[in-house]
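Okay, structure first, notes after.
The values are calculated or read from the model by the stated rules, or taken from the named source; none is laboratory data. Nothing here was measured: the structure is a model prediction, and the numbers come from that model. In this analysis, Cβ positions are derived from the backbone assuming ideal geometry, glycine residues included, and neighbour counts consider all displayed protein chains.
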Amino acid sequence: MRHLPEDRGGDSLLARLIRTEKEVEGRYTEQWVVVEEDDLEQWPAGPRDTVGRPAERVTGLARARGEARYTADVQLPGMLHTAVLRSPHASARVRRIDLAPALAAPGVRAALGPDDSDSLTGEPGYPGAAVAAVAADSFAQASAALELVDVEWDVLEPLLDPDEAVRRGSLIDETTHYERGDLEQGLAEADAVVEAEYRTQTVLHNALETHQTVCEWEGGRLTVYASTQWIWGIRDRLAAHFDLPADWVRVVCRYMGGGFGAKTEPGDHGFLAAELAQATGRPVRCALTRREENQATGNRHATIQRLVAGARSDGTLTALGGDYVMAVGWEGWKSSTAGPMQMLYACPNVRTDEAGAKINTGPNDAFRAPGFVEGTFGLECILDELAAKLDLDPLELRRRNHADSDLVDGRPFSSKNLLECYRRADAHWARRDEVRARSKGAWKRGVGLASQIWYGGGGPPSYAWVRMGADGRAHVITGHQDIGTGTSTALAQIAAEELGLPFDRVEISFGDSDRGPYATYSAGSSTTPSMGPAVRAAAADAARQVIEIAAQRYQVEERVLRLENGNVLSADGGSWPLEEVTGLLEDGQILGKGSRGPNPAGMRILTFGIQVAEVAVDVETGEVRVDRVAAIHDVGRVINPLGASSQVEGGIIQGLGHTLSEQRLLDPVSGAVLTQSLDAYKLPTIADVPEIVTELLDIPDPHLTSLGAKGLGEPPIVPTAAAIANAIRDATGANVRSLPITREEMLRALKEARERERPLAGQAR
Amino acid sequence: MPDLRVNGQAHRLDPPGLRSLAEILREDLGLTGTKIGCGEGHCGACTVLLDGEPVLSCITLAATVDEREVTTIEGLRDHPLVDSFVRADALQCGFCTPGQIVSASALVADSPEPTRDAIRHRMAGNLCRCGTYPKIEEAILSWRG
């Protein structure tokens, strides 16, 4: 069981100020955190009164009725609209720019050029880089004025090929090397070795609400309405930019139209809106068009993965190696594509090198499990190629190489139930013979699987308040934002559970940095595991106060009282409606506060899972259809099974697009983005969706917080591409090695498989 | 410009010029339930009904609406589909949801007991990046509660 002093690294006093590790999308930093954690025991596993039972999302009705006001719907009196001049060239220098004709155009109130703002550049390094901005009474006027900006360019030849960039030493940072054991020795010990090159494409987030911000200055203070995954991050960045006290910037994001990783920073549009609002004294909106969105707001960067894997004849892995090249773009960071190879299996000899190519394309940004989606595709495909070579069952191969502790830094896992996921996968995997037998004519069918590993433990700091009034209802107040993942519903459930209140007697406020305490971002599968324990602690604080009042009022000992189903119950059978107790307050309020404690010291907190995909492939046309995906994930305690199944389905469907249809295409000469519209960029539609079976283990992590809950936003997208590719191999014998699996790629792989099966045919002729 | 009839009410408008129906609804009438996801008729978030037929309001010139009755999500707030979408959890970020419900309302008006295939055919023009499609299918199948 969880034991706070031990989990704090043996400190018997619960420290107020601690040094703790914080993980963001797989990157670790150390930081000081002031904590005040309640030593609450975890609830027993399984569904409770509210937690663990399906709940309709608290914001559902407002969103479905079209009443929810998104940033896109914010209209302020006198508000101006911004149009941004974006570089048409992948690499260029502005020789001369004249804003005067634009400033003279109807409705124009301000214009900024490269010398006027840090967010504008005279030396764009990718197509879509912001060069100038115009604010006008309407967006149409601003756009028309932009046409009048007179620019003379020196157009430079762009560097677009990531391998060429590595050769030339054009890197975003130093190449990351990781090594344990001896790769060469591991390969020498192997009975079978597979070497293969895998490629993944650049994909675009395409949240349906584009990146946008509305800024308004009031008495030297700035109010920001932003479509963002992190109101506090925006607050801090804008406050630093304008040299203001942090709380002079208020950031509001009540409803948010999707992010998927690309909306944690203010962005050029955020800084420009604030600067133009300052320059004009008017509220200013800066909203990207869909076409700008697909050039300049981040992406999942393409990867080239040159991998080698070796195993003994019994399937024991002896060697895993990978040379990774990431097409990061002009700015940004390389995501940890080698992570799955380092972490997923108990292989003693592993060597990886990750190079981030700096090229003249739009910068990457986090996109739902960045790196691990791409890296899992390569790793889990080569593992199946190895299984085929050794004539071993792929699921058995994974069982055999299960990692009992973390081999990267020797830490124990806070909890890991991957073997139980594998056990549950048996039933889906056993459908294989029946599925294959349904192959008919050109349509070949098969089943494939892939394992999942990813982060999702969250961490401090995060805070919550709970207020109760005379009516016996509770109001959770947080500073987090709900980007559509349903975290606000889960948090309200946690408060209801702790307070023994029916779910419909709990409200939740969020999405306003002036009206709630600091909260973590909606990213990194961290919101529920970070915020949930803070909300539970705040609710427990409020519950304690209710019990104190009831004990005095009814002359009973506090220790015999508890809250349940809207009543205060005593051990001797006494029962009072909660509102009878809180009614004593009249206009008074009970205020509970809670914070997120630190993560267990010295442990690795990860999420695990496996997906089993069933596909049909037309071997004549190369068409691929995914019929069914079974997803089994271990994410600790599940707060809301209904919302959780939606997260799993959404992740798999995004993974399906990544696998089969989505791809940012560039003009190979100019570097221009060819897929700027949602017509050209192929998102999955309802007609593409397979049957999805979701199974969550729902086993609380005994060491992680008072909830034992991990995050679920990202894990479901991690193994989907590999499971589908492996099912294609099962159906056809073809090794697809490049995403997306277009008909061309499918036909190439089929041809290669045919030639592999008839190696002597060419020589015989 | 004749009056624009929206959700049973007539609105007198300035000559709309080349402005789209979506812009007029959102900016002039304050009916922001209609969303603009792409502005070029590819995503379906801006779907409204014209005399009961779903159209993409972001690529419909307001001046071409004429006498036809416009129905937006604001006119469908009491439609049973609203509850069935919430019940089935058929929305995540919710930005595409009004358009989804408007399209679905036309579908169930034509065929009150649609098959899964019919739902997949008729709803394929409404993109949802969060991937709520399985739940949308359930919501439409169970729209009468």
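Here are a few things to note about the model shown:
- For A:D49, the requirement of being part of a loop (DSSP other than H, G, I, E, B), more than 26 Å from the chain's Cα centre (by Cα) and at pLDDT 95 or above is met.
- Of all residues in the range A:58-73, those being outside any loop (DSSP other than H, G, I, E, B), under 18 Å from B:I136 (Cα atoms) and facing another protein chain (nearest Cβ under 7 Å) number 4.
- Within this structure, A:L578 passes the test of being surrounded by 24 or more Cβ atoms within 10 Å (Cβ to Cβ), under 30 Å from A:R544 (Cα atoms) and more than 14 Å from chain B (Cβ to nearest Cβ).
- All positions within the range B:100-125 that are in contact with a Gly (Cβ under 7 Å, 6 or more places away or on another chain) and closer than 13 Å to B:L81 by Cβ: B:S103, B:A106, B:A109
- Residue count for the range A:643-659, restricted to those that are at the interface with chain B (Cβ under 10 Å from one of its Cβ atoms) and touching a helix residue (DSSP H, G or I) at 6+ places or on another chain (Cβ under 7 Å): 11
- Number of the condition not met by A:A64 [criteria: (1) surrounded by fewer than 20 Cβ atoms within 10 Å (Cβ to Cβ); (2) within 29 Å of A:S227 (Cα to Cα); (3) free of Cβ contacts under 8 Å to residues at least 60 places away in the same chain]: (1)
- Here A:I453, A:I494 are screened, and the one residue that is buried (at least 24 other Cβ atoms within 10 Å of the Cβ) and part of a strand (DSSP E or B) is A:I453.
- The one condition from (1) in contact with a Ser or Thr (Cβ under 7 Å, 6 or more places away or on another chain); (2) within 14 Å of chain B (Cβ to nearest Cβ); (3) in a loop (DSSP other than H, G, I, E, B); (4) not hydrophobic (A, V, I, L, M, F, W, C) that A:H81 does not meet is (3).
- Of all residues in the range A:660-697, those satisfying the criterion of being within 12 Å of chain B (Cβ to nearest Cβ), assigned to a loop (DSSP other than H, G, I, E, B) and not small (G, A, S) are A:E662, A:T675, A:Q676, A:L678, A:D679, A:Y681, A:K682, A:L683, A:P684, A:T685, A:V689, A:P690.
- Here A:S509 passes the criteria (1) free of Cβ contacts under 8 Å to residues at least 40 places away in the same chain; (2) within 14 Å of chain B (Cβ to nearest Cβ) except the one numbered (2).
- Lone unmet requirement of (1) of a type in the set (D, E); (2) at positive phi; (3) within 11 Å of chain A (Cβ to nearest Cβ); (4) surrounded by fewer than 17 Cβ atoms within 10 Å (Cβ to Cβ) for B:D51: (3)
- Residue count for the range B:122-140, restricted to those that are over 17 Å from A:G486 (Cα atoms) and either within 7 Å of chain A (Cβ to nearest Cβ) or in contact with a helix residue (DSSP H, G or I) (Cβ under 6 Å, 6 or more places away or on another chain) (or both): 8.
- Among (1) in a loop (DSSP other than H, G, I, E, B); (2) buried (at least 24 other Cβ atoms within 10 Å of the Cβ); (3) over 27 Å from the mean Cα position of the chain (by Cα) - the single one A:A309 does not satisfy: (1)
- Residues of the range A:374-401 satisfying the condition of being in contact with a helix residue (DSSP H, G or I) (Cβ under 6 Å, 6 or more places away or on another chain) and in contact (Cβ under 8 Å) with a residue 40 or more places away in the chain: A:G375, A:T376, A:F377, A:L379, A:E380, A:C381, A:D384, A:A387, A:P394, A:L395, A:L397
Conditions (1) at positive phi; (2) within 19 Å of the chain's Cα centre (by Cα), marked per residue:
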{"residue": "A:G602", "(1), (2)": "yes, no"}
{"residue": "A:V615", "(1), (2)": "no, no"}
{"residue": "A:V619", "(1), (2)": "no, no"}
{"residue": "A:R628", "(1), (2)": "no, no"}
{"residue": "A:V648", "(1), (2)": "no, yes"}
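- The one condition in (1) over 23 Å from A:T675 (Cα atoms); (2) of a type outside the set (V, I, T); (3) within 24 Å of the chain's Cα centre (by Cα) that A:E331 fails to fulfil: (1)
- Those strands (runs of 3 or more DSSP E) of the range A:114-215 in which 3 or more residues are in contact (Cβ under 8 Å) with a residue 24 or more places away in the chain and on the phi > 0 side of the Ramachandran plot are absent.
- Subset of the range A:229-257 that is in a loop (DSSP other than H, G, I, E, B) and out of contact with any Gly (no Cβ under 6 Å at 6 or more places or on another chain) - its residue that is surrounded by the most Cβ atoms within 10 Å (Cβ to Cβ): A:G257
- Wholly within the range B:45-145, strands (runs of 3 or more DSSP E) carrying at least 2 residues that are within 30 Å of A:L204 (Cα to Cα): B:47-50, B:53-56
- Selection over the range A:515-559 of residues that are in a loop (DSSP other than H, G, I, E, B) and under 22 Å from the mean Cα position of the chain (by Cα) gives a count of 9.
- Meets criteria (at negative phi and within 7 Å of another protein chain (Cβ to nearest Cβ)) for B:C93: yes
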